[in-house]
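Enquirer: Can you read through this structure? Questions will come right after.
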Amino acid sequence: MTWQQIAAEKKSHQLDSVPKEWLSSTLPSAETLSVIDFPPESKVLSALDLEITESSVASLLSNLASSKWSAVQVTTSFYKRAIVAQQLTNCLTEIFVDRALARAKALDEHLEKTGQVVGMLHGLPISLKDQISIQGIESTIGYVSWVGQFAEKNSVLVDILESLGAVPFVKTNVPQTLMWPETFNNIFGRTTNPYNRSLTSGGSSGGEGALVGDPLGVGSDIGGSVRIPAGFCGVYGFRPSSNRVPYAGCVNTLEGEDSVLSVLGPLSNTLDGIKIFFKAVLSKEPWLKDPMVMRKRWSDEEYKLIDHGNGEKLCFAIMWDDGIVVPHPPVRRGLEITKKALLAAGHQVIDWKSYKQAEISANVVSVDGMTSTNRVLIRAILKSAIWNAAAAEDFMAAAAPTGEPVIASMGILQEDDELLFRPSGAAISAFELWQVHKKKRDLRQEYLKHWEDTISQTGTGRPVDAIIGPMASYTAPPHGLNKTAQYTMWCNLLDYPAMIIPVSKVDQALDAKQMREEFYTAEDQENYELYNPATYENAPISIQVVGRTMEEEAVIAMSEIVDEALRASKSNI
């Protein structure tokens with residue numbers, strides 16, 4: 001068969017195992033952009049289904065443990081909502097109804113027989129990014145050549161989640177190769193944004209972001225792949241430091257590149273889901289199952305912010321821009337809302353002075369896509385970049401068996417768009433790569449000093465507690481226009497944990513285009529010219545809370561403080 005036939009056959013089988021009564025017959029027209037509020041109108045979800053699927057993770061777990069709701073009922077409710085989401089946004093890859101419901105039934109029987117839950121996540125449905133291996137199920141990551149390759153065993157994280165009582169129930173869509181901040185591949189197609197389907201859901205965990213009505217999902221993040229979809233789709237998303245969440249057993253791209261590591265991280269509709277996931281996974285001592293995982297248990301002391309004044313009066317620094325590209329008005333408004341809320345809550349807020357952001361970005365990705373302004377600066381420092389050292393060869397090797405082309409653009413009209421996010425040129429030598437790695441080490445050392453030096457500005461006797469900044473220079477853009485991940489990937493190079501928090505939505509009246517005559521760079525001007533508030537109508541506005549390496553517990557706690565301040569400010573309006 002041709003690669004097109006293989007892809008078409010795989011896609012056609014996707015919904016075969018789904019009960020027909022879970023498919024909505026009242027779908028909105030293709031011209032209807034916002035579908036976020038459609039589930040109650042789908043005629044698929046009952047009142048109980050809606051109650052269940054709109055509950056927080058903590059409430060779900062409590063009701064499951066008390067047997068108010070059975071695992072079968074909860075799994076069924078979230079399946080219905082996920083299938084509706086699939087019809088609206090094309091967010092799923094693998095759907096395994098019989099398997100998940102059988103597991104849910106076994107959990108109900110265990111609880112009835114013993115009176116005890118299996119674990120901290122008993123009965124909780126969890127979606128997984130396509131690359132996370134489940135025994136007997138495919139993980140194509142958008143490669144036609146990988147259709148028919150069934151996982152021989154679970155990834156370590158899936159084993160841990162199941163030991164905690166979770167119910168994996170769907171896998172979610174990704175871009176071919178994973179290495180793209182939008183979601184499209186030749187098997188499953190394009191995933192759209194539920195708030196505005198003319199906009200991207202982000203990537204590479206774009207299916208996870210677009211699913212939205214999911215209590216808890218797991219994506220991966222090498223340059224923003226959890227945070228970009230979370231921010232674009234208005235959910236919480238967390239990138240932990242490298243080697244705290246087990247990655248072993250997942251399929252991946254760029255295998256062997258271990259300088260800037262991909263990490264697994266949770267997405268959830270509620271912030272409590274992020275904490276519950278992280279605390280639960282660490283309770284199972286994942287370092288005994290994945291040798292890369294740091295032997296570091298959940299720390300209640302760090303969660304109580306013992307190194308941050310016990311959380312009494314924190315000093316946050318806001319990165320208004322990175323000195324390269326100024327964010328669009330809605331992004332700026334989200335930061336201003338956050339600053340006002342934190343000040344009202346009694347915390348201190350200062351400005352963050354961006355530091356070598358261009359060099360950090362260039363250390364991760366190739367300079368070939370940059371304009372001459374930045375390229376001259378960077379070429380004096382680097383010859384190539386970590387991701388691009390041998391990426392072209394890696395992508396071609398994966399796609400070659402079926403003759404499938406490596407997708408060059410995420411645009412609607414792919415042949416008309418410029419090549420974006422794809423490496424060019426020959427692979428560099430090991431010696432040349434070592435120089436790039438040395439530069440990364442030096443940048444991390446310099447940034448540590450830059451952060452420590454803020455002690456003179458805070459008035460708290462300690463450096464800035466956390467940085468709050470944009471997740472991108474725009475809210476979710478039209479398909480094919482998410483051209484950079486510079487506002488997220490700096491955290492990957494520095495290995496900083498970062499949390500996405502939704503703040504508001506684009507409003508044409510509040511987010512009018514503002515006149516500018518001076519620009520940092522050609523990219524800055526291009527970004528400015530891209531903005532039209534009508535294009536981004538209803539897109540979620542999110543911010544990013546960034547802490548220092550291995551400060552996951554503290555970042556979660558500080559994110560809760562930020563989120564609570566934002567909620568209090570909304571209630572006082």
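Enquirer: Taking 2.2 N^0.38 Å as the expected size of a compact globular protein, what ratio does the Cα radius of gyration of the stretch 418-573 give against it, to two decimals? Can you show the working numbers first?
Expert: On the way: Rg = 18.9 Å, N = 156, 2.2 N^0.38 = 15.0 Å.
Compactness ratio reported: 1.26.
Enquirer: Now for a separate question. Report, for the stretch 211-358, the % of DSSP beta bridges that are antiparallel, rounded to 5.
Expert: Numbers: 7 of 11 bridges.
Restricted to the stretch 211-358, the bridges split so that about 65 percent are antiparallel.
Enquirer: Find, among the trypsin sites (Lys or Arg not before Pro) in the stretch 53-150, those assigned to loop by DSSP (not H, G, I, E, B) with at most 14 other beta-carbon atoms within 10 angstrom.
Expert: On the way: sites: 68, 80, 81, 99, 103, 105, 113, 129; in loops: 68.
Sites meeting the loop and neighbour criteria: 68.
Enquirer: log₁₀ I(q)/I(0) of the stretch 500-553 at q = 0.22 Å⁻¹, via Debye over equal Cα point scatterers, no solvent, to two decimals?
Expert: These q points yield log10 I(q)/I(0) values of -0.92.
Enquirer: Loop-only chymotrypsin sites (Phe, Trp or Tyr not before Pro) in the stretch 230-330, please: DSSP not H, G, I, E or B, and at most 10 other Cβ atoms within 10 Å.
Expert: Details: sites: 232, 236, 238, 247, 277, 278, 287, 298, 303, 316, 320; in loops: 247, 298, 320.
Passing both the DSSP loop test and the Cβ count: no residue.
Enquirer: Which FRET efficiency value, to the nearest 0.05, do you get for residue 571 and residue 2 by plugging their Cβ-Cβ distance into 1/(1 + (r/R0)^6) with R0 = 45 Å?
Expert: Details: r = 58 Å, r/R0 = 1.28.
Once rounded, the FRET efficiency stands at 0.20.
Enquirer: Oh, and also: Take every DSSP beta bridge whose two residues both sit in the chain, then give the antiparallel share in percent to the nearest 5. Mind showing how you got there, number by number?
Expert: On the way: 29 of 43 bridges.
Rounded to the nearest five, the antiparallel share is 65 percent.
Enquirer: Also: Please pull out the direction-averaged projected area of the stretch 21-118, using the convex hull of its alpha-carbon atoms, in nm² to one decimal place. Numbers along the way, then the final one.
Expert: Details: hull surface 27.3 nm².
In nm², the orientation-averaged hull projection of the stretch 21-118 is 6.8.
Enquirer: Helix by helix through the chain, keep the DSSP H runs that span 24 Å or more along the axis on Cα and average at least -0.5 on Kyte-Doolittle, and give those back in order. Intermediate values should be presented prior to the final figure.
Expert: Values: long enough: 71-89 (26 Å, 0.32); 97-114 (26 Å, -0.66); 430-452 (33 Å, -1.52); 552-571 (28 Å, 0.10).
Correct list, ordered by number: 71-89, 552-571.
Enquirer: On to the next question. Out of every Cα pair in the stretch 180-241, what percent are spaced more than 17 Å from each other?
Expert: Tail of the P(r) past 17 Å holds 29 percent of the pairs.
Enquirer: Hey, which of these cross-link pairs are over 27 Å Cα-Cα: 80/304; 483/513; 11/129? Mind showing how you got there, number by number?
Expert: Working: 80/304 38 Å; 483/513 20 Å; 11/129 17 Å.
Flagged as over cut-off: 80/304.
Enquirer: Next up: Which of the GluC sites (Glu not before Pro) found in the stretch 242-332 are in a DSSP loop and have at most 10 neighbouring Cβ atoms, other than their own, within 10 Å? Could you put the intermediate results ahead of the total?
Expert: Numbers: sites: 255, 257, 301, 302, 312; in loops: 255, 257, 312.
Passing sites in the stretch 242-332 are 255, 312.
Enquirer: Here is a further query. Write down the percent of antiparallel bridges among all DSSP beta bridges whose residues are both part of the stretch 7-298, to the nearest 5. Let's see the in-between values first.
Expert: Numbers: 14 of 21 bridges.
Beta bridges within the stretch 7-298, antiparallel portion: roughly 65 percent.
Enquirer: Take the Cα pairs of the stretch 149-205, get the Kirkwood Rh, then feed it into Stokes-Einstein at 20 °C and 1.002 mPa s and tell me D in µm²/s.
Expert: Values: Rh = 13.3 Å.
Reported coefficient: 161 µm²/s.
Enquirer: Once you have all Cα-Cα distances for the chain, histogram them in 20 Å bins from zero and send the whole-percent values.
Expert: Calculated P(r), rounded to whole percents: 22, 59, 20, 0.
Enquirer: Along its principal axes, what span do the Cα atoms of the stretch 7-298 show, with the longest given first and each in whole Å?
Expert: That gives 51, 47, 33 Å along the principal axes, largest extent first.
Just so you know, all these numbers are worked out from the coordinates, no wet-lab data involved. As the structure is a computational prediction, the values presented were derived from the model and not from experiment. Cβ atoms come from the backbone with ideal geometry, glycine included; neighbour counts cover every protein chain shown.
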